Amino acid sequence: MEPKENGKALDNVIEEVTHVVENSREEIFNIAEDARMEYEHLSDELTDIQEKVIVYIEEGDQLERRVRSSRQHLSEVSKHFDRYSEDEIREVYEKTHAMQTKLVMMQQEEKGLRQRRDELERRLIVLDETIDRAEGLTSKISIILPYLHDDFKYVNDMIEDAKEKQQFTIKIIEAQEEERKRISREIHDGPAQMMANILLRSELVERAFKDQSVETAITEIRSVRKMIRTSLQEVRRIIYDLRPMALDDLGLVPTIKRYVESTADYNNLRIEFVPVGKSIRLPQIYEVSIFRLIQESLQNAIKHAKAHSIKIQLEITNHVITAVIKDDGIGFDPKIKRDKSFGLIGMKERVDMLKGDIKITSDQNKGTKIFIQVPYNRS
């Protein structure tokens, strides 16, 4: 799968997860609303039942008193059976029985109301807890969701950065192989050919001594010396491209000065180098890194920015190394991410390795400014 397809799939996953979380928040909110509506409904029912229970208690107490009075009257009638008629006895008995039956029914209904009341109270407690939990979850999700967006963006940026670094690593390997081919070709076409010619010319010198005059041999020797000098210059140029020897011998500032002068002459450009402060020696990692950063910036200004004038300023203090490279080239929009901008990626990698900071400001047709600052402590 291509990197762009992988990135698109990841974006889809992030969008889907965020959508699920947002939907979950809505569902929890709906659960809380349903629970709140049910709570209000059950609260009204509980209030009604509590009022009914009070009424039943009062009516039951009254009926119970009447039943006791009726039972006493029935006992009196039963004790003095001969004083009452059969109809009077039946009436007292039936009245007492009816009141007892009604009392039992009221007690049963009151018991049912009490049970329903207790059930409602328990249900309301559960609903109240559910509402609190749902509101708490909704609030937490509302708080977490923005962080979730930020975290997903951070993860996505990390993955993109990792993919970018992977591509950069691949590009480094390709560049190394290309550089090996270039050096091999330059050595083959340059010093190796010259050495072969020198070998042939040395044979001519030997023949000249044997078969011709001394003057002819001396002329051939001068020609060989010239070829050796040219070959030596070519070898030094190749070595300088790999790593300037002056960087080890003279230090950072003189090496940059020489490099700027030779680059300006070769490209017919006006390049100004302004060193600020004292020219002091730095540990190798700093000298090599700063030189490569300035070298890359200069090459970018020449190749891509098509600059006519370039200014390089370098300042070394006891605590900070600062380099500023400005050109009057065509510029670019830093907000637009360009494909295969491995030069800039490599520069950022070097600066990050030194725990420094790099800022690139540019406008269309207004040139580019590269600001590099690296912390450094001489002690």
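Observations on the model:
- Where a residue in region 267-279 is at positive phi and its partner, wherever it lies, is in a loop (DSSP other than H, G, I, E, B), with Cβ under 7 Å and at least six apart: G277/T317
- Criterion: surrounded by fewer than 17 Cβ atoms within 10 Å (Cβ to Cβ) and among the hydrophobic types (A, V, I, L, M, F, W, C) - qualifying residue of V276, V253, V288, V224: V276
This table checks each residue for (1) over 21 Å from M106 (Cβ atoms); (2) in contact (Cβ under 8 Å) with a residue 24 or more places away in the chain; (3) in the same structural domain as E91 (by TED's automatic domain parsing).
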position	(1), (2), (3)
R36	yes, yes, yes
I49	no, yes, yes
Q72	no, no, yes
K79	yes, no, yes
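- Residue count, region 286-320 (criterion: in a helix (DSSP H, G or I), within 17 Å of I358 (Cα to Cα) and of a type in the set (A, V, I, L, M, F, W, C)): 7
- Residue within region 87-108 that is surrounded by 15 or more Cβ atoms within 10 Å (Cβ to Cβ), modelled with pLDDT under 85 and under 30 Å from V126 (Cβ atoms) present: no
- Yes/no for G251 being at positive phi and at pLDDT below 85: no
- Test for F291: is it among the hydrophobic types (A, V, I, L, M, F, W, C), touching a Leu at 6+ places or on another chain (Cβ under 7 Å), under 25 Å from V351 (Cα atoms) and touching a residue at least 24 places away in the same chain (Cβ under 8 Å): yes
- Residue ID - modelled with the lowest pLDDT, chosen from residues in region 297-318 that are small (G, A, S) and crowded, with 22+ Cβ neighbours inside 10 Å: A307
- Scanning region 301-314 for residues that are of a type outside the set (V, I, T) and either without any contact (Cβ under 8 Å) to a residue 60 or more places away in the chain or outside the structural domain of D328 (by TED's automatic domain parsing) (or both) returns K303, H304, K306, H308, S309, K311, Q313.
- Sole exception among (1) modelled with pLDDT of 75 or more; (2) exposed (fewer than 14 other Cβ atoms within 10 Å of the Cβ); (3) not acidic (D, E) for H149, by number: (1)
The values are calculated or read from the model by the stated rules, or taken from the named source; none is laboratory data. Predicted model, so just to flag it, every value in this text is computed and none were measured. Note that we place each Cβ from the backbone using ideal geometry, even for glycine, and neighbour counts take in every protein chain shown.
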